[in-house]
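The values are calculated or read from the model by the stated rules, or taken from the named source; none is laboratory data. In this text, all values refer to a predicted model and were calculated from it rather than measured experimentally. Don't worry about glycine lacking a Cβ; one is built from the backbone with ideal geometry, like all the others, and counts go over all protein chains shown.
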Amino acid sequence: MSATVEQRTGRGTAIANWFTPKIALARIAWLRTVLYLFVILDMHAFVRDTRLKGEHPGLYQPLFLARLFDLPKPSVANTTTLYVVLIVFCLIGASNRLPRLAGWIVAPAFTWWVLIGMSDGKVDHDHLALVVALWVLPTVAPNKARTGSVYADQTTSEAAGWAIRCVQISVISTYFLSAVAKLRSAGWALTWPGSAILTWAIVRRPHPVGEWLLHHPWMLHVMQWVGFIGEVLSPVVLWLKGRWQLLGALFFIGFHVANTAILLIHFLPTVVCWLAFAPLERIVPWFRRRRSSAGDAGQTEDQTESRRQTQQQAGA
């Protein structure tokens, strides 16, 4: 009986450790800077019609979350306020100043921004990981005892690990749930990979690379199968480590590069969240080591040159 309890306790501890790995706070600092700046880009390049919908509230069809929380209809006043609030606090958050205050303002504000922007019947699932990331980043408290740059803070934290894991799971869920949606839409039949969906997409969004592929339909079917299998197996990436995880990330980034080349579909909000898998906390130490090595090499050269000149003077 005690052995069984110990086994269950051990499994519970292993699961808890997986969900809350100790990760350096520097990775959170880098993510704050990159993601908050990306939100500003997103507001102007991708979900950019939120303010326009404030000018035409009669066309607004609230999504489930907007109905659940009874959010007001978009108007010029509230969409303009959202815009200003997001710009100001994204810049504050990106600087890693007042990160929790900025984060708890940006997360609901951008969620509302996206809910308004996608209230026309088309919900882009490429924003799933980005929205989740904005909600979990403020849960990580800054290190008040830190000295030096936040981007070099190697203090490990389970809270940071939990936030990173949430972002990672959201990234992978984007792909896995996409595969589930493909099966569900076909009545849980495996017909999507062998269909002509890419052909239809290329005809709908013509592009030179895609138009060339229309003459090679077998390649389109191979790409559909590779993409679908990759989506089904995407959860495996969560348990890979080191170079294997890097290869998994490169596969999906290559998947998006191919989509961009063929269909001009970019998925950048998801791609930028792949940074949660990257050891960003190593960037500053790596640069410091390089600079130190370069300084040592320069000092050695100076000493060698000084000795050479001394020998020449002695010989003279």
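What to note about this one:
- Contact map, the stretch 92-116: residues that are on the phi > 0 side of the Ramachandran plot paired with residues that are surrounded by 17 or more Cβ atoms within 10 Å (Cβ to Cβ), Cβ distance under 6 Å, separation 6+ or inter-chain. Pairs shown: ASN96/ALA29; ASN96/ARG32; ASN96/VAL150; LEU98/ILE92.
- Test: residue in the stretch 274-290 that is in contact with a Leu (Cβ under 9 Å, 6 or more places away or on another chain), outside any loop (DSSP other than H, G, I, E, B), of a type in the set (Phe, Trp, Tyr) and modelled with pLDDT of 90 or more: yes
- Test: residue in the stretch 161-176 that is of a type in the set (Gly, Ala, Ser), closer than 27 Å to VAL39 by Cβ and in contact with a strand residue (DSSP E or B) (Cβ under 7 Å, 6 or more places away or on another chain): yes
- Restricting attention to the stretch 251-266, the residues being surrounded by fewer than 19 Cβ atoms within 10 Å (Cβ to Cβ) and either over 25 Å from ILE164 (Cα atoms) or within 10 Å of the chain's Cα centre (by Cα) (or both) number 7.
- Odd one out for LEU183, checked against (1) surrounded by fewer than 15 Cβ atoms within 10 Å (Cβ to Cβ); (2) free of Cβ contacts under 8 Å to residues at least 12 places away in the same chain; (3) within 20 Å of VAL123 (Cα to Cα): (1)
- Taken over the stretch 138-157, the criterion of being surrounded by fewer than 19 Cβ atoms within 10 Å (Cβ to Cβ) and modelled with pLDDT of 95 or more is satisfied by THR139 alone.
- Filtering ALA102, ALA160, ALA145, ALA129 for residues that are closer than 20 Å to HIS266 by Cβ and among the hydrophobic types (A, V, I, L, M, F, W, C) leaves a single hit, ALA129.
- Close pairs (6 angstrom Cβ cut-off, 6 or more residues apart or separate chains): over 16 Å from LEU130 (Cα atoms) in the stretch 265-283, buried (at least 16 other Cβ atoms within 10 Å of the Cβ) and not small (Gly, Ala, Ser) anywhere: ILE265/ASN259; LEU280/ARG27; LEU280/TRP30; GLU281/ARG27
- Tally of residues being surrounded by fewer than 21 Cβ atoms within 10 Å (Cβ to Cβ), over 25 Å from the mean Cα position of the chain (by Cα) and touching a residue at least 40 places away in the same chain (Cβ under 8 Å) across the stretch 67-91: 1
- Subset of the stretch 241-264 [polar (S, T, N, Q) and in contact (Cβ under 8 Å) with a residue 24 or more places away in the chain]: GLN245
- Residue among ASP120, ASP124 that is within 16 Å of the chain's Cα centre (by Cα) and of a type in the set (D, E, K, R): ASP124
- One residue stands out in the stretch 92-113 among those that are more than 18 Å from the chain's Cα centre (by Cα), surrounded by fewer than 21 Cβ atoms within 10 Å (Cβ to Cβ) and among the aliphatic types (A, V, I, L, M): the one that is modelled with the lowest pLDDT, namely LEU98.
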